[in-house]
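Participant: Quick one: the structure is below, questions incoming.
The values are calculated or read from the model by the stated rules, or taken from the named source; none is laboratory data. Model, not experiment: these values are computed from the prediction. Reconstructed Cβ throughout: ideal geometry from the backbone, glycine too, with neighbour counts over all protein chains shown.
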Amino acid sequence: MAGPANANAGRLQRDQVGGPPTLSTTPGTAFLLVRALFARPLRSRVRRFESCGGHLFGVVGAWGVAVVAGRVWRVSLGTVVLTGAAGLVGSVLREPLSAAADRLVSVDRSPLPANYAGEEVRALDLESVEAAMRAVEGADSVVHLAGVADEAPFATLLNGSVLVAHHVLEASRRAGVRRVVLASSNRLTGFYPISQTVSPDAPPRPDGLYGVSKVAIEALGRLYADKFGLEVVCVRIGSLEREPFESRHLATWLSPRDCQGFFLDALTSSQAGFSVMYAVSANPRRFWSLTDGYEPVDAADGLPEDFFREDGPQGGDYASPAYTLRHLT
């Protein structure tokens, strides 16, 4: 089985990338903002429209500019707080969020430089609701990425992920934040068989303790949506890498620019209440269904199909007993 033990130069790690990935200039990222302008309440937030020469695509500029087919759309997301900004997903999202928001507040427990126009950084450990309040102060929306990034002892996951998510949700409720986007994971459904296409509303089948922590975080998100009226979007992230490099990625790969597109979609969607989406590129063997919204533009191909020769769990090696047993001793 393909799985987490494999290593390849395609892995997207900050020490290999040499800095945050550049924002895509393909139609995908810009499309979702313009779609929102035509069809959704976000239309009220259009600052101005103007024509420009050429046929450019992308999201650029400090005012949240989507350029599509020679027209410039300026959109305001207000103030967006990004937690876990120094991590893998955060390093992919900082540039587009700084472009689409009036102000981006990037939060991490480790100090990080402000790299983009309109970006403010805050060094905070979200170990309490009070600390989270300082993080989300003044926010219209929060993208919450901070937490334990892989399989770990369950106590570590509870303290470093589940409780932190609760702190952010409660702080957001108190601060009057409109929307919280929670980073979830495909590992929440990793025990479904490869042959089955899994929709966002399918019951959880986590492939390990990490997946269980995401079940708990999504449940907290639903509680805060149902009980307190917070808008909560859970994004089940696929295999985020610069390039696909293993057989499983024919189904699970998420490119950096598609990652940007899905999270911008989560912020601009008009859907109220609680919702869940998978974030995965347009891969030929994809086994997760996508909701209406951002349409991915990248796809994994040209890799061996060894992973698909048996109808095993979608999580691959993540679903093996050995992957969790080492954290139970």
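Participant: What are the residues in the range 131-156 that are free of Cβ contacts under 8 Å to residues at least 24 places away in the same chain and charged (D, E, K, R), if any?
Facilitator: The answer is Arg134, and nothing else.
Participant: If we scan the range 213-233, do we find a residue that is surrounded by fewer than 16 Cβ atoms within 10 Å (Cβ to Cβ), touching a Lys or Arg at 6+ places or on another chain (Cβ under 7 Å) and not in a loop (DSSP other than H, G, I, E, B)?
Facilitator: yes
Participant: Condition test on Asp292, is it of a type outside the set (A, V, I, L, M, F, W, C), modelled with pLDDT under 95 and not in a loop (DSSP other than H, G, I, E, B)?
Facilitator: Values: of a type outside the set (A, V, I, L, M, F, W, C): yes; modelled with pLDDT under 95: yes; not in a loop (DSSP other than H, G, I, E, B): no.
Answer is no for this residue.
Participant: Filter the range 291-314 for residues that are surrounded by 11 or more Cβ atoms within 10 Å (Cβ to Cβ) and in contact with a strand residue (DSSP E or B) (Cβ under 6 Å, 6 or more places away or on another chain) and give the result.
Facilitator: Listed by number, the residues that qualify are Thr291, Ala300.
Participant: Looking only at residues that are modelled with pLDDT under 95 and hydrophobic (A, V, I, L, M, F, W, C) in the range 96-120, which one is farthest from Thr79 (Cα to Cα)?
Facilitator: Here the residue is Leu112.
Participant: Within the range 243-290, which residues are among the aromatic types (Phe, Trp, Tyr) and within 17 Å of the chain's Cα centre (by Cα)? Give the steps one after another, and end with the answer.
Facilitator: Let us first name the residues in the range 243-290 that are among the aromatic types (Phe, Trp, Tyr), namely 245, 253, 262-263, 274, 278, 287-288.
Residues satisfying the conditions are Trp253, Phe262, Phe263, Phe274, Tyr278, Trp288.
Participant: Going through the range 115-146 one residue at a time, which ones are more than 20 Å from Ser184 (Cβ to Cβ) and in a strand (DSSP E or B)?
Facilitator: Matches in the range 115-146: Glu119, Glu120, Val121, Arg122, Ala123.
Participant: I'm trying to understand the selection: among the residues of the range 135-178, which are surrounded by fewer than 22 Cβ atoms within 10 Å (Cβ to Cβ) and in contact with a strand residue (DSSP E or B) (Cβ under 7 Å, 6 or more places away or on another chain)?
Facilitator: Of everything in the range 135-178, those that are surrounded by fewer than 22 Cβ atoms within 10 Å (Cβ to Cβ) and in contact with a strand residue (DSSP E or B) (Cβ under 7 Å, 6 or more places away or on another chain) turn out to be Gly138, Asp140, Arg178.
Participant: Ok, one more. Quick check on the range 315-325: of everything there that is in contact (Cβ under 8 Å) with a residue 40 or more places away in the chain and out of contact with any helix residue (DSSP H, G or I) (no Cβ under 7 Å at 6 or more places or on another chain), which residue is farthest from Ala202 (Cα to Cα)?
Facilitator: Kept after step one, since they are in contact (Cβ under 8 Å) with a residue 40 or more places away in the chain, are these residues of the range 315-325: 315-320, 323-324.
Right, trim to out of contact with any helix residue (DSSP H, G or I) (no Cβ under 7 Å at 6 or more places or on another chain) and you get 319-320.
Details: Ala319: 18, Ser320: 21 Å.
Only one residue fits best here, namely Ser320.
Participant: For the range 154-174, does any single residue satisfy the condition of being among the small types (Gly, Ala, Ser), over 23 Å from Cys259 (Cα atoms) and not in a helix (DSSP H, G or I)?
Facilitator: As a first pass, look at the range 154-174 and keep what is among the small types (Gly, Ala, Ser): 155, 160-161, 165, 171-172.
Now drop any that are not over 23 Å from Cys259 (Cα atoms), which leaves 155, 160, 171-172.
Subset that is not in a helix (DSSP H, G or I): none.
Checked the range 154-174: no residue is among the small types (Gly, Ala, Ser), over 23 Å from Cys259 (Cα atoms) and not in a helix (DSSP H, G or I).
Participant: Okay, moving on. Suppose the filter is farther than 30 Å from Ala319 by Cβ and touching a strand residue (DSSP E or B) at 6+ places or on another chain (Cβ under 7 Å); does Asp125 pass it? Give the steps one after another, and end with the answer.
Facilitator: On the way: farther than 30 Å from Ala319 by Cβ: yes; touching a strand residue (DSSP E or B) at 6+ places or on another chain (Cβ under 7 Å): no.
Answer is no for this residue.
Participant: Mind listing whichever residues of the range 189-228 are among the small types (Gly, Ala, Ser) and either in contact (Cβ under 8 Å) with a residue 24 or more places away in the chain or within 22 Å of Ala155 (Cα to Cα) (or both)?
Facilitator: Within the range 189-228, Gly190, Ser195, Ser199, Gly208, Gly211, Ser213, Ala216, Ala219, Gly221, Ala225 qualify.
Participant: Name the single residue, out of those in the range 127-151 being of a type in the set (A, V, I, L, M, F, W, C) and within 18 Å of Leu88 (Cα to Cα), that is modelled with the lowest pLDDT.
Facilitator: Applying the filter and picking the extreme gives Ala149.
Participant: Does Asp265 qualify as being touching a residue at least 12 places away in the same chain (Cβ under 8 Å) and closer than 16 Å to Phe245 by Cβ? Show your work before the answer.
Facilitator: Details: touching a residue at least 12 places away in the same chain (Cβ under 8 Å): yes; closer than 16 Å to Phe245 by Cβ: no.
Considered against the rule, which asks whether it is touching a residue at least 12 places away in the same chain (Cβ under 8 Å) and closer than 16 Å to Phe245 by Cβ, Asp265 comes out as no.
Participant: Looking for something under 18 Å from the mean Cα position of the chain (by Cα) and of a type in the set (Phe, Trp, Tyr) - is there at least one such residue anywhere in the range 151-161?
Facilitator: Within the range 151-161, not a single residue is under 18 Å from the mean Cα position of the chain (by Cα) and of a type in the set (Phe, Trp, Tyr).
Participant: Still on this structure, please answer the following. Go through the range 179-204 residue by residue and tally those that are surrounded by fewer than 20 Cβ atoms within 10 Å (Cβ to Cβ) and either in contact with a helix residue (DSSP H, G or I) (Cβ under 8 Å, 6 or more places away or on another chain) or at pLDDT below 95 (or both). Spell out the reasoning first.
Facilitator: Filtering the range 179-204 down to residues surrounded by fewer than 20 Cβ atoms within 10 Å (Cβ to Cβ) leaves 191, 193-197, 199-204.
Retained after the next criterion (residues that are either in contact with a helix residue (DSSP H, G or I) (Cβ under 8 Å, 6 or more places away or on another chain) or at pLDDT below 95 (or both)): 191, 194, 202, 204.
Looking only at that region, the number is 4.
Participant: Given the condition of a type in the set (A, V, I, L, M, F, W, C) and over 21 Å from Val232 (Cβ atoms), answer yes or no: does some residue in the range 107-115 qualify?
Facilitator: To start, the set of residues in the range 107-115 that are of a type in the set (A, V, I, L, M, F, W, C) comprises 107, 112, 114.
Filter again for over 21 Å from Val232 (Cβ atoms), leaving 112, 114.
Yes, the range 107-115 has at least one match.
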